[in-house]
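Report on the structure given below.
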Amino acid sequence: MSDRLVPPALPSAAAERGPRWHRSSRSTGMNNCVEAARLGVALLAVRDSKDVAKPPLRFSAGVWRAFVAGLLRERVS
């Protein structure tokens, strides 16, 4: 069968809804925090809750882990 005859995959319901954003449990509800969302299995998006219309920053899982590890090292020292 030719690839041209195969219909394109329909987006999943999750893809149609968009990312599911999460706020820090330490957020005070004043809308002054960072929100994060998974984009598939290997990407993370981060945005400012005060300006959600701007595009989020996107990080690979490895880069995000390295960033968090660096924060933890600084906190300990």
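What distance in nm lies between label points placed 7 Å from Cα along the C-beta direction at V76 and N31? So the two model labels end up 3.9 nm from each other. In this structure the amide hydrogen of L39, modeled in the peptide plane, comes within under 5 Å of the amide hydrogens of L44, A45, none closer than 5 places in sequence on its chain. Label positions at F67 and H22, each projected 7 Å from the Cα along the C-beta direction, are separated by 1.5 nm. Rounded if a/c is under 1.5, else prolate if a/b beats b/c, else oblate: with a ≥ b ≥ c from the C-alpha gyration tensor eigenvalues square-rooted, which is the range 23-75? Here the range 23-75 falls in the oblate category. Annotation: V34 carries an accessible surface of approximately 90 Å², with a 1.4 Å probe and no ligand, DNA or RNA atoms counted.
The values are calculated or read from the model by the stated rules, or taken from the named source; none is laboratory data. Everything numeric here is computed off the predicted structure, so don't read it as measured data. All Cβ positions, even for glycine, are placed from backbone atoms using ideal geometry, and neighbour counts span all protein chains on display. For the accessible areas, the whole protein counts, side chains as well, though only heavy atoms, and no ligand, DNA or RNA atoms are used. Shrake-Rupley method; radii C 1.70, N 1.55, O 1.52, S 1.80 Å.
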